[in-house]
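First comes the structure, then the notes that go with it.
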Amino acid sequence: MPATPCRVCSGPVREFFDFGEQPLSDAFPLPDQLDGEFSFRLAIGCCESCSMVQLMEEVPRDRMFHEDYPYLSNGSAVMRDHFRAVASRFLRDELAGPDPFIVELGCNDGTMLRTVADAGVRHLGVEPSGGVADLAAARGVRVDKRFFEAETARDILAADGSADVIYAANTLCHIPYIDSILRGVDELLAPSGVFVFEDPYFAEIVRRTSFDQIYDEHFFFFTARSVRAMAARHGLELVDVEELPVHGGEVRYTLARTGAREISPAVGALIERETRSGLTDPTTLDAFAARVNQIRTDLLAFLRAEKAAGRPVVGYGATAKSATVLNFCGIGPDLISHVFDTTPAKQGRLTPGSHIPVRPAEEFADPYPAHAVLFAWNHAEEILAKETAFREAGGRWVLYVPELHVR
Ligand code: SAM
Ligand code: TMP
Ligand code: ZN
């Protein structure tokens, strides 16, 4: 197989898993819109030079991020609290000087920046998905409806001056043209400023075998080692790392200009842990691939047995992640009758590629099924707490990471 060049260093990328043809994970078609659904080959590899884990093929950005992009940061109480805490910390530690300025890439519906706006601090959200950007504006957040890249950074610098903080949550890993982003950051960041981003941590994906974190929008899977190497190419330094419990295990990376900040011992410690565990060694990645195949076998066997026994199975959470599971396993409405979800823009539509009807979460109890596959497993605590009546009625949750289990 010819090696694809790494999007960070142009080195050779070794593919370690192919999920086959996949749809856009967030494109929920109406029942009469099934013709010409977009698809691409979802495969993942690791760069043999800089160790960056990445997709082998890129989906054009306008196909994913547009007026109707349905993901809302505001949709989870846990994430609302998380972003309120993030904003408060920035306000205290980084934005306490004279006339501070913070830029958020992928501000979505303004869940983080509204706290900054309420504090009267200068800010700008850069958000290309028009629908969610309008929600941010309605919350009093100043938004620029463009894709952030080197050019956008130049315009922001000219209009607003340099930024003390550039922040991106669950956004940087979505951007294949990361070189342009880092050039933009290099232009826009104040001399003593920080670029802080948080994204799913590849070590957690391997540890939990959470292969469903791999889908069109998640292009990069960062590690402390690969981020440090990437930063160095742009005169930036990885000065801090923090592990976060959200979204199935993330890391918050803090970058500063080389020499501008003290490097926390946490950076060396995390890289040491990654090296010791052989995180991106071919043996580790091949073992991960074998576990993914096992999960597919087990999940299909479970669903077929339930169907044979005449017991209904539904899905809970029409997540972007579920697209990978459903399409990789070949699961359709014959095996999972409905998926319940709180997002209005997904309800009344079908899951991408697998075409399972999405219904409002309130209808989950109407009547309760025997089993519900928890596709939103990253929100398990929140969902299990509000759906206690389901188990009381005899229902059971089905989880497929780190392996198939019923609880
Ligand atoms: N930051 C929010 C959060 O963590 O809940 C939203 C994350 S959402 C998964 C990713 C967001 O990144 C989308 O709203 C998308 O429109 C935005 N995005 C994608 N490419 C971008 C770019 N080049 N610049 C700024 N935002 C971008
Ligand atoms: P995410 O995994 O990308 O955050 O998406 C979560 C999806 O799960 C989103 O479509 C909303 C849905 N969801 C529910 O249906 N009920 C809930 O309680 C939560 C937290 C999310
Ligand atoms: Zn590389």
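Observations on the structure shown:
- Relative contact order (%) - the stretch 283-406, alpha-carbon pairs under 8 angstrom, separation at least six: 25
- The length gained on full extension between Glu363 and Arg146, counted as 0.36 nm times the residue separation minus their Cα-Cα distance, comes to 74.4 nm.
- Computed over the chain: relative contact order in percent, which uses C-alpha pairs under 8 Å that are six or more apart: 15
- Cα-only Debye scattering, the stretch 283-406: base-10 log of I(q)/I(0) at q = 0.09, 0.13, 0.14, 0.21 Å⁻¹: -0.23, -0.49, -0.57, -1.28
- Listed by chain and number, the aspartates and glutamates placed with their C-alpha closer than 19 angstrom to that of Lys145 are Asp62, Glu67, Asp68, Glu104, Asp109, Glu127, Asp134, Asp155, Asp160, Glu217; residues fewer than eight positions away on the same chain are left out.
- Residue-by-residue Karplus 3J(HN,Hα) for the stretch 203-219, coefficients 6.51, -1.76, 1.60, Hz, glycine and proline x: 4, 6, 5, 5, 4, 8, 6, 7, 5, 6, 6, 9, 7, 2, 6, 8, 8
- Backbone amide hydrogens, once placed in the peptide plane, bring Gly11 within less than 5 Å of Cys6, excluding anything fewer than 5 places away on its chain.
- For the stretch 374-384, backbone phi angles converted through the Karplus equation (6.51, -1.76, 1.60; θ = phi - 60°) give residue-by-residue couplings of 8, 5, 8, 4, 5, 10, 3, 4, 5, 6, 4 Hz, Gly and Pro being listed as x.
- Amide H contacts of Asp216: Ser25, each under 5 Å away and 5 or more positions distant or on a separate chain (H built 1.01 Å from N in the peptide plane; Pro and chain starts excluded).
- Taking a ≥ b ≥ c as the square roots of the eigenvalues of the alpha carbon gyration tensor, the stretch 1-139 is oblate, as a/c is not under 1.5 and a/b does not beat b/c.
- If R0 is taken as 41 Å, the Cβ-Cβ distance between Arg233 and Ala119 corresponds to a FRET efficiency of 0.75.
- For Tyr201, the amide hydrogen comes within under 5 Å of the amide hydrogens of Glu250, Val251, counting only partners 5 or more places away or on other chains and with H modelled in the peptide plane.
- With the gyration tensor restricted to C-alpha atoms of the stretch 147-277, the semi-axes of the equivalent ellipsoid amount to 25, 18, 11 Å, longest first.
- Packing order of peptides 241-253, 260-272, 31-43, highest average first: 241-253, 260-272, 31-43 (average count of other Cβ atoms within 10 Å over each peptide's residues).
- Of the peptides 165-173, 95-103, the order by per-residue mean of other Cβ atoms within 10 Å, starting with the highest, comes out as 165-173, 95-103.
- Rg/Rh, computed from the Cα trace of the chain with Rh as the Kirkwood radius, has the value 0.96.
- Whole-Hz ³J(HN,Hα) from phi, Karplus 6.51 cos²θ - 1.76 cosθ + 1.60, for the stretch 114-129, glycine and proline x: 5, 5, 5, 4, 4, 7, x, 9, 5, 8, 8, x, 10, 9, x, 7
- Here the convex hull built on the C-alpha positions of the stretch 136-176 has a volume of 104 cubic angstrom per residue.
- Each helix, a run of at least 4 DSSP H residues, gives -39500 (n - 2.57); summed and divided by the residues of the chain, these come to -10000 deg cm²/dmol at 222 nm.
- Solvent-accessible area per residue in the chain equals 40 Å², computed with a 1.4 angstrom probe and all protein chains kept.
- Any cysteine of the chain lacking a neighbouring Cys Cβ under 4.7 Å - listed by number: Cys46, Cys107, Cys173, Cys329
- Peptides 196-205, 309-318 ordered by packing proxy, namely the average of other Cβ atoms within 10 Å per residue, highest first: 196-205, 309-318.
- For Thr4, net neighbour charge (Lys/Arg +1, Asp/Glu -1) across residues whose Cβ lies under 11 Å away: -1
The values are calculated or read from the model by the stated rules, or taken from the named source; none is laboratory data. Owing to the predicted nature of the structure, the values given are computational and were not obtained by experimental measurement. Cβ sites come from the backbone with ideal geometry, for glycine too, and all protein chains shown count toward neighbours. Side chains included, ligands, DNA and RNA excluded: accessible areas come from the protein's heavy atoms. Shrake-Rupley method; radii C 1.70, N 1.55, O 1.52, S 1.80 Å.
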